[in-house]
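Report on the following structure.
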Amino acid sequence: MAMRWIVFLFIFPVLLASDKVTVKNLGLKILNGPKNGAGYASVYNGNAFAVTLYKVEVQPEVFDRVELHDHVPREDKNGTQYMEMIEIPEMEIAPGATLFLQRGGKHLMLMGIKPTLCGFKKLTFEFFFRTGKDSFEQKVVVDVLKNKRCE
Ligand SMILES: [Cu+2]
């Protein structure tokens, strides 16, 4: 009986969904002027099941909040096509797929940039994921690059 427990504890960590989700190339677009910024990254799901990104938080709190955004095609009353940016509640990533957070597509919106941003060289982004009944998070540290806003 004791042997069975040892085996179970040894194997369990290998099965964690979080080990197979990687956030890469996180970059921030923070300009001098606009009150909001954007965040871009690629998020790979190496699991055999889908995972859902449902929240992103940043420490220290240099933004009012981070929203998940997408662009959707619209048509105005003259029939002209345009893209509208909307907030979405979550982003699903299929097994083996990569979610690209990028310009003109899905992205992170950094709402309400606070002046305190300029006092920090690094920020920690926490990505919150859900899969079935489990949830987990990934932390990614990113440099605050030199920008006109902070001069
Ligand atoms: Cu946006």
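Observations, loosely collected:
- The distance between label points at Ile86 and Lys133 comes to 3.3 nm (points 7 Å beyond Cα on the Cα→Cβ vector).
- In sequence order, the stretch 111-120 has phi-based couplings of 7, x, 5, 8, x, 5, 3, 5, x, 10 Hz under the Karplus curve 6.51 cos²θ - 1.76 cosθ + 1.60, θ = phi - 60°, and Gly or Pro positions carry x.
- Long-range HN-HN contacts of Val144 with modeled amide H, under 5 Å: Lys122, Leu123
- Cβ-based exposure ranking for His107, His71, in which fewest neighbours within 10 Å come first: His71, His107
- On Cα atoms only, tilt of 2-11 relative to the major axis of the chain in degrees: 20
Values quoted throughout were computed directly from the atomic coordinates according to the rules given, and no laboratory measurement underlies them. No experiment lies behind these values; they were computed from the predicted model shown. Positions of Cβ are backbone-derived with ideal geometry, glycine not excepted, and every protein chain shown enters the neighbour counts.
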